[in-house]
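The values are calculated or read from the model by the stated rules, or taken from the named source; none is laboratory data. Just so we're clear, the structure is a prediction, and the values are computed from it rather than from any experiment. Note that each Cβ is placed from the backbone with ideal geometry, even for glycine, and that neighbours are counted across all protein chains shown.
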Amino acid sequence: MKITVIGTGYLGAVHAAGMAELGHDVLGVDADPAKIAALAAGRAPFYEPGLPELLERGVESGRLRFSTSLAEAAAFGDVHFVCVGTPQVPGSDRADLQFVDTVVTELSRHLERPSLIVGKSTVPVGTARRLTGLAAAAARPGLAPDMAWNPEFLREGFAVADTLSPDRLVFGVAGVDAEQTLREVYRLALDRGTPAFVTDLETAELVKVAANSFLATKISFINSMAEVCEAVGADVRLLADAIGQDARIGRRFLDAGVGFGGGCLGKDIRAFRARGVELGVGDALEFLAGVDATNDRRREKVVQLAREHLGGNLAGRRVTVLGASFKPDSDDVRDSPALYVARALWDHGALVTVHDPAALENARLAAPHLGYAADVEAALRAADLVVLLTEWRDYRELDPLLLAPLVSSRVVIDGRGALDADRWNAAGWTVHALGRPVAPAWDVTPIITSAVADVQSSQEEAVA
């Protein structure tokens, strides 16, 4: 099929490359010429495992190309996916729909034949119905496009797999023709057994925001339990293991830590609450305010712990922050808890050095006043405190015994529960994982001295 994908940010770039991989002819469209030039050259403008290879195959095959022209998109495509951003309105919780409105209106003006516009952006319920009217008013007589909503459920770090092999598909449609078109678009996934839910437009819009709200609620629930555990000396991980055995609850996303971030969950639950107020059902969604507040408290908790571990004063103390992206396998620092905490530590006078395997460049742009190190060893050198805030595998696999001589104080705040606390304690570190008792470090000075000597001896032999 001839498909356009309008908006080539995180969602759009992955969707365009995925549609080409599934055999469609795809035109990606964006107003940013630099982004379009990079994509046309097969270069991913952000870090996402598997995407560079997907882009390269699509561009080389001729099934994937890019443009800045909506008129070209209208002439090319039979199905138009709208993947532009819906950020939070400054000074408000509401979603900013100006980009969605503009794309649908301008695209409809250029249409020369019957087509289907499919929204994938996360929007307040009722948006698709309103856009149907906008499109009809802008289009030439007899060429008003059909409207459908097909929400995305991509996980950063797994977006390619989620596009090519989704766990479910939701088709919000107003007629049979739109449903059949979407079934053709996703025919390969449907043939593999992916379940499809055909709904009205409003239900499809709600599926996405309801899913994000439930996920955010589950994360904040276990973080609320972590606050209780911290007050009484209980272990939130054991608590989560126990309640997670209940099939009605499940263990996934019951890992206490510094909370959620990124460009979706926070803004989406706020926009959902704001829309609920507009619809007269604000009380039904008021619980999301508590979810949001809990999430914010966990960030401040890490700053509080850092001050406690450093005697109540962070001024002039060297703090190493491991992680800048909001989650591993991503370079996305939007609303990143890691970067929030790093900034807050700096605001309290700490000398902050940040390390991240993929997000350093984005972090520098967002917080140029912080210090950065390209390798973990340089970041840790002479640190008075280490704070782990993004659970990259690189950090899970660090050898605490070899790192011990680098720091001034062997204390780590594990904001993600990612480290093997027993292993780090055995290497002489004090590990403070959120919601868990602090185990005292072992006295391993002789072991560390021996380990360092062995490393130095091996290096000398290699040079010789």
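Checking Asn362 against (1) in contact with a Pro (Cβ under 9 Å, 6 or more places away or on another chain); (2) more than 20 Å from Leu305 (Cβ to Cβ), which test does it fail?
For Asn362, the failing item is (1).
May I ask you to say which residue of Glu361, Glu391 is assigned to a helix (DSSP H, G or I) and in the same structural domain as Ala441 (by TED's automatic domain parsing)?
None of the others qualify; the one that does is Glu361.
Yes/no matrix, rows are residues, columns are (1) among the small types (Gly, Ala, Ser); (2) touching a Pro at 6+ places or on another chain (Cβ under 6 Å); (3) under 28 Å from Phe46 (Cβ atoms):
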| site | (1), (2), (3) |
| --- | --- |
| Ala210 | yes, no, yes |
| Ala216 | yes, no, yes |
| Gly262 | yes, no, yes |
| Asp268 | no, no, yes |
| Gly280 | yes, no, no |
| Asp296 | no, no, yes |
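Of the residues in the range 119-173, how many are surrounded by fewer than 17 Cβ atoms within 10 Å (Cβ to Cβ) and within 15 Å of His15 (Cβ to Cβ)?
Number of matching residues: 5.
Can you tell me which of Ala231, Ala274 is touching a residue at least 60 places away in the same chain (Cβ under 8 Å) and not assigned by TED's automatic domain parsing to the domain that holds Gln88?
On inspection, the qualifying residue turns out to be Ala274.
Starting from the range 364-393, keep only residues that are without any contact (Cβ under 8 Å) to a residue 24 or more places away in the chain, then list their pairs with residues that are acidic (Asp, Glu) whose Cβ atoms are within a distance under 9 Å, requiring at least 6 positions of separation or different chains.
Tyr372/Asp356
Answer yes or no as to whether Ala359 is at pLDDT 95 or above, crowded, with 20+ Cβ neighbours inside 10 Å and of a type in the set (Gly, Ala, Ser).
yes
Given the condition under 25 Å from the mean Cα position of the chain (by Cα), surrounded by 21 or more Cβ atoms within 10 Å (Cβ to Cβ) and among the basic types (Lys, Arg), answer yes or no: does some residue in the range 88-105 qualify?
No, every residue in the range 88-105 fails to be under 25 Å from the mean Cα position of the chain (by Cα), surrounded by 21 or more Cβ atoms within 10 Å (Cβ to Cβ) and among the basic types (Lys, Arg).
Counting only residues that are over 21 Å from His110 (Cα atoms) and either in a helix (DSSP H, G or I) or among the small types (Gly, Ala, Ser) (or both), how many does the range 17-52 have?
The qualifying residues number 18.
Please count how many residues of the range 74-102 are closer than 14 Å to Gly12 by Cα and in contact with a His (Cβ under 8 Å, 6 or more places away or on another chain).
Selection size over the range 74-102: 2.
Just for the range 174-199: of the residues that are assigned to a loop (DSSP other than H, G, I, E, B) and touching a Leu at 6+ places or on another chain (Cβ under 9 Å), which one is surrounded by the most Cβ atoms within 10 Å (Cβ to Cβ)?
Selected residue: Tyr186.
Select from the range 1-31 the residues that are within 19 Å of Arg334 (Cα to Cα) and surrounded by fewer than 23 Cβ atoms within 10 Å (Cβ to Cβ) and list them in ascending order.
The answer is Gly9, and nothing else.
Please go through the range 225-242 and pick out each residue that is farther than 9 Å from Gly435 by Cα and surrounded by 16 or more Cβ atoms within 10 Å (Cβ to Cβ).
Leu239, Ala240
Looking only at the range 301-337, how many residues end up being in a loop (DSSP other than H, G, I, E, B) and either in contact (Cβ under 8 Å) with a residue 24 or more places away in the chain or surrounded by 22 or more Cβ atoms within 10 Å (Cβ to Cβ) (or both)?
Number satisfying all stated conditions: 20.
With Gly133, Gly157 as the choices, which residue is out of contact with any Lys or Arg (no Cβ under 8 Å at 6 or more places or on another chain) and either more than 19 Å from Leu22 (Cβ to Cβ) or in contact (Cβ under 8 Å) with a residue 24 or more places away in the chain (or both)?
After applying the criteria, what remains is Gly133.
What's the total number of residues in the range 412-437 that are within 20 Å of Val236 (Cβ to Cβ) and either outside the structural domain of Pro337 (by TED's automatic domain parsing) or of a type in the set (A, V, I, L, M) (or both)?
Result for the range 412-437: 8.
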